[in-house]
Amino acid sequence: MSGTARYPNLFSPLDLGHTTLKNRALMGSMHTGLEEAEGGFERMAAFFAERARGGVGMIITGGFAPNLEGGGLAKLSTADEAAQHVLITSAVHQADPDVKICMQILHMGPLAWTDQCVSPSGVRSRLSPFAPGELDEESIEKQLRDFEACARMAKDAGYDGVEIIGSAGYLLSTFLVQKTNLRTDRWGGSYENRMRFPVEVMRRVREAVGKDFIVIFRIAGMDMLQGGMSWDEVVTLAKKVEEVGASIISTHFTWHEAAVPTIATMVPRAAFAGVTGRLRKELGIPTITSNRINMPDVAESVLAAGDADIVSMARPMLADPELVNKAAEGREDEINTCIACNQACLDHGFTGQTVTCLVNPRACFETELTYEPAATVKTIAVVGAGPAGLAYSVVAAQRGHRVTLYDAADEIGGQLNLAKRIPGKEEYYETIRYFRRMIDVHGIDLKLETKVTADMLRSGSYDEVVIATGIEPRLPDIEGIDHPKVVGYVEVIKGEKPVGKKVAIIGAGGIGFDVAELVSHEGKSGALDIDTFAREWGIDFEHHPRGGVTGVEPVVAKADREVILMQRKSTRLGRGLGKSTGWTHRLTLQRREVTMISGVEYLGITDEGLHVRIDGEAQVLDVDTIIVCAGQTSLRALHDELEGSGASVHLVGGAFEAAELDAKRAIDQASRLAASV
């Protein structure tokens with residue numbers, strides 16, 4: 001059966017009246033950092049054109065502010081800026097004339113990274129160092145005019161439409177919510193007044209661009225705020241926005257300040273689509289749903305259930321620009337699935353780096369990292385089938401090289417096989433599935449359960465040898481470290497050693513947090529069950545109180561054991577975790593009553609337990625299991641034995657650097673090396 005037959009809803013056209021979308025797959029908006037970068041418009045043109053060729057029906061760019069106070073450098077408010085956007089629209093329409101591209105108009109309000117930021121009442125966001133100025137009547141009118149002008153210039157630049165974002169804690173949404181709108185004039189007070197500004201923005205934009213132009217309004221279907229918008233308010237706003245000219249309503253979930261994860265890998269697939277489905281029944285225009293829709297079967301099920309007319313897949317298009325084409329051609333098993341790790345996309349965005357993708361380092365680097373056919377075909381041996389070895393092998397073989405991939409284990413994946421066992425990280429199964437399929441597609445000679453020696457490699461007549469043998473856990477120098485109470489994290493994650501009722505975890509890096517998650521977890525994984533996820537994070541999908549969360553207490557199932565997570569450093573535990581997800585891991589462990597201690601000096605291990613010094617006081621922790629998560633050392637003996645023998649040998653991944661397990665760095669490094677061979 002062809003993919004189009006398997007996914008009839010996904011591949012059905014959508015008539016918007018003045019134009020038609022060729023399918024229901026949308027690449028949703030995501031700021032990439034290219035918007036402000038030197039040469040960024042040329043790079044964005046290549047980035048979006050590759051996704052257009054990949055089969056999507058519509059693309060929405062990252063956000064551009066209508067003025068300086070709305071966001072800083074990434075703005076569209078002058079003719080010169082509009083001229084730059086033509087590079088993007090021309091590239092997309094040349095790639096596929098049927099693909100629609102819309103520009104997101106993003107006024108960040110109190111979240112704008114400028115001391116000129118503004119908001120309805122001057123309420124400062126806890127996420128911003130800047131106190132916003134309070135808008136007066138004259139400056140409100142200026143904002144409205146700037147929205148009009150921005151939309152008009154977007155149309156002149158060749159865009160097929162614009163998206164107005166009215167959610168997430170940005171300007172429009174701060175008018176809607178009482179805690180950020182303290183006004184008593186016609187722009188505040190009653191909900192009718194509070195929604196006046198977003199509705200007027202929508203009305204002015206529609207007047208500015210005319211009827212034959214897509215205008216999408218992004219609404220907070222559930223803002224995840226205590227005291228946030230009620231369901232009736234969401235519906236009232238959506239209907240009013242439709243009345244004044246919206247073509248499509250796009251549902252968004254959460255404010256950036258909300259204490260509920262909505263896009264991390266711990267969130268179930270399509271967890272929030274049902275909220276969109278409820279809103280869709282109230283409207284006469286199409287709706288878009290989003291969040292954790294990462295494979296075609298998920299998209300199809302959402303559409304078939306009537307929960308949306310269009311599915312937004314932003315990060316999945318980072319991971320695999322060919323996702324839609326592969327679905328259409330029945331090649332779903334070749335899709336490089338977004339695992340929602342956030343490590344290279346959101347975390348990069350929040351720290352001022354160019355966004356890319358852990359599983360696809362070409363994302364946003366299309367003009368720099370290219371996989372051209374090899375000028376000279378080489379015979380290459382890759383030792384180690386973890387993330388680095390897999391990435392190198394696939395890119396090299398894709399370019400035409402003859403690759404043999406060795407691993408001593410009986411399966412590929414390396415450290416990914418540990419990650420997939422952690423509750424909330426089950427998506428890593430998809431990455432392993434993708435690489436296993438690519439081994440077959442590109443004809444890589446895979447040799448598992450093979451212990452490679454230097455002599456084997458020397459006698460193999462290989463032009464290049466790549467050592468990706470990874471790491472081994474490091475044992476800290478603590479007296480009694482060989483005590484029977486002590487177990488390694490690998491043994492615990494694989495279930496090879498029992499874990500007692502009183503547990504101490506030495507080391508609070510990423511692995512330490514993963515192990516704490518594993519041993520404190522009880523019952524179903526929230527990532528695999530929406531009801532469990534909702535209970536754990538205090539969301540009421542059924543009754544939809546204000547914000548979806550007001551008055552709802554999280555109910556966390558925890559294992560029947562005491563867990564202490566500790567580190568030598570005196571800094572806060574989890575400081576090195578991802579900016580967009582670290583808080584979720586810390587909060588989860590706190591709710592499970594995991595004790596977290598920093599500044600620990602390890603004195604020894606005896607039958608009594610773990611001897612430590614904390615705040616200058618020596619004490620014994622009465623524990624029956626001590627799990628060591630104290631870092632790694634590189635396995636590079638094979639490289640050292642080959643070096644100097646005349647072979648062209650390279651190190652990648654953990655074998656190159658083992659400071660902290662980092663699949664993002666490993667895959668990026670290996671892919672770039674393979675692109676140059």
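If we scan the range 131-141, do we find a residue that is among the hydrophobic types (A, V, I, L, M, F, W, C), assigned by TED's automatic domain parsing to the domain that holds Ile248 and in contact with a helix residue (DSSP H, G or I) (Cβ under 6 Å, 6 or more places away or on another chain)? No, the range 131-141 has no match at all. Against the test of being at pLDDT 95 or above, under 30 Å from Val382 (Cβ atoms), surrounded by fewer than 21 Cβ atoms within 10 Å (Cβ to Cβ) and not assigned by TED's automatic domain parsing to the domain that holds Leu346, the options Arg568, Arg586, Arg672, Arg613 yield a single qualifying residue, Arg672.
Can you go through Gly63, Gly55 and tell me which one is farther than 23 Å from Ala246 by Cβ, assigned by TED's automatic domain parsing to the domain that holds Ala319 and buried (at least 18 other Cβ atoms within 10 Å of the Cβ)?
Testing whether each residue is farther than 23 Å from Ala246 by Cβ, assigned by TED's automatic domain parsing to the domain that holds Ala319 and buried (at least 18 other Cβ atoms within 10 Å of the Cβ) leaves just Gly55.
Sub-9 Å Cβ pairs linking a first residue in the range 232-260 that is on the phi > 0 side of the Ramachandran plot to a second residue that is part of a strand (DSSP E or B), at least 6 apart or interchain, are Gly245/Val215; Thr254/Ala168; Thr254/Ala220; Thr254/Met222, ordered by first then second residue.
Restricting attention to the range 104-141, and to residues there that are among the hydroxyl-bearing types (Ser, Thr, Tyr) and under 29 Å from the mean Cα position of the chain (by Cα), which single residue is nearest to Val162 (Cα to Cα)?
Going through the qualifying residues, I end up with Ser119.
Quick one: in the range 550-560, which of the residues that are touching a helix residue (DSSP H, G or I) at 6+ places or on another chain (Cβ under 8 Å), buried (at least 16 other Cβ atoms within 10 Å of the Cβ) and not small (Gly, Ala, Ser) is farthest from Thr251 (Cα to Cα)?
Lys558
If you check Gln415 against the conditions, is it surrounded by fewer than 17 Cβ atoms within 10 Å (Cβ to Cβ), within 23 Å of the chain's Cα centre (by Cα) and modelled with pLDDT under 95? For Gln415, the condition - surrounded by fewer than 17 Cβ atoms within 10 Å (Cβ to Cβ), within 23 Å of the chain's Cα centre (by Cα) and modelled with pLDDT under 95 - is not met. The criterion of at least 1 residues that are within 37 Å of the chain's Cα centre (by Cα) and of a type outside the set (A, V, I, L, M, F, W, C) is met, among strands (runs of 3 or more DSSP E) falling completely within the range 592-677, by 595-597, 600-606, 625-628, 632-634, 649-651.
Based on what the data block shows, is Thr606 more than 26 Å from Leu346 (Cβ to Cβ), surrounded by fewer than 20 Cβ atoms within 10 Å (Cβ to Cβ) and in contact with a strand residue (DSSP E or B) (Cβ under 9 Å, 6 or more places away or on another chain)? It is true that Thr606 is more than 26 Å from Leu346 (Cβ to Cβ), surrounded by fewer than 20 Cβ atoms within 10 Å (Cβ to Cβ) and in contact with a strand residue (DSSP E or B) (Cβ under 9 Å, 6 or more places away or on another chain). Of the helices (runs of 4 or more DSSP H) contained entirely in the range 284-382, those carrying at least 2 residues that are surrounded by fewer than 22 Cβ atoms within 10 Å (Cβ to Cβ) fall at 296-304, 323-328, 346-350.
Remark: Ala397 matches the filter, which requires a residue to be of a type in the set (Gly, Ala, Ser), within 26 Å of Leu635 (Cβ to Cβ) and touching a residue at least 24 places away in the same chain (Cβ under 8 Å). Taken over the range 235-271, the residue count meeting the criterion of being among the charged types (D, E, K, R) and within 23 Å of Gly17 (Cβ to Cβ) is 4.
Taking every residue in the range 506-522 that is more than 15 Å from Arg592 (Cα to Cα) and pairing it with any residue that is assigned to a strand (DSSP E or B) and hydroxyl-bearing (Ser, Thr, Tyr), at least 6 positions away or on another chain, the pairs with Cβ-Cβ distances below 9 Å are Ile506/Tyr602. Residue under question is Thr450, and the condition is that it be at pLDDT 95 or above and hydroxyl-bearing (Ser, Thr, Tyr); does it hold? Criteria met by Thr450.
A Cβ distance below 7 Å, combined with a sequence gap of six or more or placement on separate chains, defines the contacts here; from the range 457-470, residues that are within 9 Å of His650 (Cα to Cα) reach residues that are at pLDDT 95 or above and of a type in the set (Phe, Trp, Tyr) in the pairs Val466/Tyr392; Ala468/Tyr392. For Met266, the test of being in contact with an Asp or Glu (Cβ under 8 Å, 6 or more places away or on another chain), not in a helix (DSSP H, G or I) and not assigned by TED's automatic domain parsing to the domain that holds Glu426 is failed. For the residues Gly274, Gly228, the requirement of being small (Gly, Ala, Ser) and in a loop (DSSP other than H, G, I, E, B) singles out Gly228.
The values are calculated or read from the model by the stated rules, or taken from the named source; none is laboratory data. Worth saying up front: this structure is predicted, and the values here are computed from it rather than measured. Cβ atoms come from the backbone with ideal geometry, glycine included; neighbour counts cover every protein chain shown.
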